[in-house]
Amino acid sequence: MSNVSLSENIYNYYRDMTISSICSNLWRKKTVITSNLHDSKLKRCLGLLDLIGLGIGSSLGVGVYIMTSYAISKDAGPSFVISVIIAGLATLFAGLCYAEFSARLPRAGSSYYYTYVTLGEFCGFVIGWNMILEHIITTCIAAKAWSQYLDYMLNGTIKSVIDENMSWNGGEVWGESPDIVAFLIILVITLIVAMKARLSTVLLMVLTFFNILIVMCFVCIGYFHVKHDNWTEPPGFFAHGFTGVLSGASTLIFTFTNIEAITSASEEAKEPTRVTSSAITYSIFICSIVYFCISTSATLSLHHFPEDSLIALPHVLSNLHIHGASSVIAVGGLIGLLASLIGSLFYLTRQVYSISNDRLILKCLSRVSSKWNIPVYSVILLGLVSAIISLVLEFEILLQVVSIGTLLSYSVLAVSVICVRYQPGTVGLYVEYEDPDDINFMQCTDFNYSHLQLDANKSNVSAEERFRGCDKIPKHTNGYSTGASALIRKSVSFDDKYRLDRMSEQTNYYQSPRDSTYTRLDSVVSSTSNGNVSGLLRLPSDIVLEPTESTWKTAAIGLLIYITCSCVLSIITLYAEFLLHLDSWWMLLIIFVFSILLISATVLIVRQPENRTKLYFRTPYVPFIPLLAILINVFLLASLSFMCWIRFLLWMALGLLLYFGYGYRNSLEYQTDEQEVVLYEITDESNAH
């Protein structure tokens, strides 16, 4: 076979690229090499407190000083208190799903990266692309709000000076005047974020500390001026009905950027598999408590919120005739919004870095500064884009197009957790089986170093001496004996390897590790339970307890039915008031039928065997928590405004042009597949000779 034949084969491969092959390539999943997850261009310098500060700081600024008053005045009224509870629950359920993936895959990129690994390239790009715009808008909102708070402190001097010296008639879209202050503050924050990650997080923690103190002052003042009639007088507690409650929750939920910010920083954390899940839980809990306190104190102390101002919290205290405190709250707004700016830009640049690193967008955006270990090109570009948008666009336009990216990522991550739990095989890092007395799990090694013994300094007793006197050493189904040599050959996790690398710089006690190996051992599971729902449903003894392709297809069908039923029920429930004038029996029948299908789909998923590989963190009560997250998020998505969906379609149209014009053929996965085809043809040619 000649070289011409090889060229013809490659030509035929490209010629046969049909629509079906293109569609199949859209679902290609990112290849994850477990032993390489510890390698990173970014510097691992963040601890638990750094991640908690990053999460709280990125969330509370915009949420407390802008979105709370906006949602109370425009969407929900006093019932915004219930909106906070719904948004907090939705975020908590999503946070548990994020926590499992952050333990599996401690990489930058957050929801984009997790979706790419589990659901494929196209789904990952859609989520990542929407989250980019979501956080650009969040950054712009924080900057414009910071400008308004500063102007409030200066009694409107900035706006009057700009109006006198510049003629600008942008209308409802471009605003009355360009926001120069917002433009400049984003440039300053960009310079800060472009430096060391540790500097950004320390500054963020300091700002967050003072922000929480000032917020607590506002809460205490509001509780001292409570009037219960504010919840009962017209228009009443449910000023805009149940639809307003859901609308308020969907408006607020995008401010819970703490999940995305924390998981995006996991590649810069010292011990990501251990601290990321804790940081997510603590930050969600603290932010939910703060939002609840703010909403109750504000709505109980003031009956009508000013609708013509987006910085309503200082006006609340002014209306209560506490003028000195209003200035303190305005200072708190400046501090909290600065923290939100730092957190949003920090997350945004890491998201773009991860997408660029996979070559789905411009490659230059993944370049990391050798001095600061920061993706400096993405920081500068995104800072400039955010600054220009905040300069020219009107505040209200930005507020009307948020939340859809956050809700989509929450829903997709919940689906991804179900997928990785009910599919055969394991994704990412996991814990090896070490305890011979624990027969419920048989695990796998991630990083195998035959010369290393982590507990060498704790005890001088050898593994042989510890097992001396044992009459029987456990032996497992694949013939692997848990003997002395097995205990010496201890698996080193991601975080253990980090500590060993640090220790090896100071001492030569440890020898150089061998190449990492990947060992899969047969699972030994209990026959009385299925995953985390052991007390709810019992499986017959003749049913396989390990996922197979057949059981995964059954679970996938149940999941599709569940999502479809959730969409139908949410639309019918939200628009029920418009359908009541018709004969309602058919609507009740539809609700009943789809409710039965929803429950049946849940039972169908639960009855399938779950992957029981022991992880560093597992989402509890799977599949119930992910399914509840999907249901709540679908309801919130259905309650979004028409402008949000228009924005989604326009932004997605631009994203599809970029993806099919550049990302599809330049992605690392596509290039890997292309190289495999060429190598396969060369191998065939050599065999023919």
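In whole percent, what relative contact order does region 100-152 give with Cα contacts below 8 Å and a gap of six or more residues?
After rounding, I find 21 percent.
Please give the residues of region 328-361, grouped as numeric ranges, whose backbone N is less than 18 Å from a label point set 7 Å along the Cα-to-Cβ vector of Leu187.
Under 18 Å, as judged by backbone N against the label point of Leu187, lie 342 of region 328-361.
Kirkwood hydrodynamic radius of region 118-201 from all distinct Cα pairs, in Å?
Every distinct Cα pair counted, the radius reaches 15.5 Å.
Could you please report the charge total around Ile253, scoring K, R as +1 and D, E as -1 over all other residues with beta-carbon less than 13 angstrom from its beta-carbon?
-3
Could you give the length gained by full extension between Trp27 and Glu546, i.e. 0.36 nm per residue of separation minus their alpha carbon distance, to one decimal place?
184.4 nm
Which of the three applies to region 553-670, rounded, prolate or oblate, going by the alpha-carbon gyration tensor with a ≥ b ≥ c and a/c under 1.5 meaning rounded?
oblate
With a 1.4 Å probe and every protein chain kept in, tell me what percent of the accessible surface of region 121-185 is carbon plus sulfur.
62
Can you tell me how much longer the chain between Asp229 and Ile397 gets when fully stretched, taken as 0.36 nm per residue apart minus their C-alpha distance, in nm with one decimal?
57.1 nm
With every protein chain present, what is the per residue accessible area of region 556-663 (1.4 Å probe, Å²)?
Ligands and nucleic acids excluded, the result is 50 Å² per residue.
Summing Lys, Arg as +1 and Asp, Glu as -1, what charge do residues with Cβ under 11 Å from the Cβ of Asp358 carry, Asp358 excluded?
+2
Roughly how many percent of the accessible protein surface of region 263-411 is carbon and sulfur, given a 1.4 Å probe and a whole-percent answer?
Solvent-exposed carbon and sulfur of region 263-411 make up 65 percent of the total.
What shape does region 369-423 take by its C-alpha gyration tensor, where a ≥ b ≥ c are the square roots of the eigenvalues and a/c under 1.5 counts as rounded, a/b above b/c as prolate, and the rest as oblate?
oblate
Taking all protein chains in place and a 1.4 Å probe, what share, in percent, of the accessible surface of region 551-668 do carbon and sulfur account for?
79
What pairs from Lys159/Lys363; Lys30/Lys196; Lys43/Lys363; Lys30/Lys270 go past 31 Å between their alpha carbons?
Lys159/Lys363
Counting only residues 5 or more places away or on other chains, whose amide H sits under 5 Å from the amide H of Leu302 once H atoms are built in the peptide plane?
Sorted by chain and number, the residues that satisfy this come to none at all.
Subtract the Cα-Cα distance of Cys567 and Leu649 from 0.36 nm times their separation in residues, and report this length gain in nm to one decimal.
Separation in residues times 0.36 nm, less the Cα-Cα distance, equals 27.7 nm.
With every protein chain left in place, what is the accessible area per residue of region 281-337 in square angstrom, probe 1.4 Å?
In whole numbers, region 281-337 has 36 Å² accessible per residue.
The values are calculated or read from the model by the stated rules, or taken from the named source; none is laboratory data. The shown structure was predicted, so the numbers you read here are calculated from the model rather than taken from an experiment. As a convention, Cβ positions derive from the backbone with ideal geometry for all residues, glycine included, and neighbour counts pool all protein chains shown. Just so you know, the surface numbers come from the protein's heavy atoms only, side chains and all, with ligands and any DNA or RNA stripped out. Shrake-Rupley method; radii C 1.70, N 1.55, O 1.52, S 1.80 Å.
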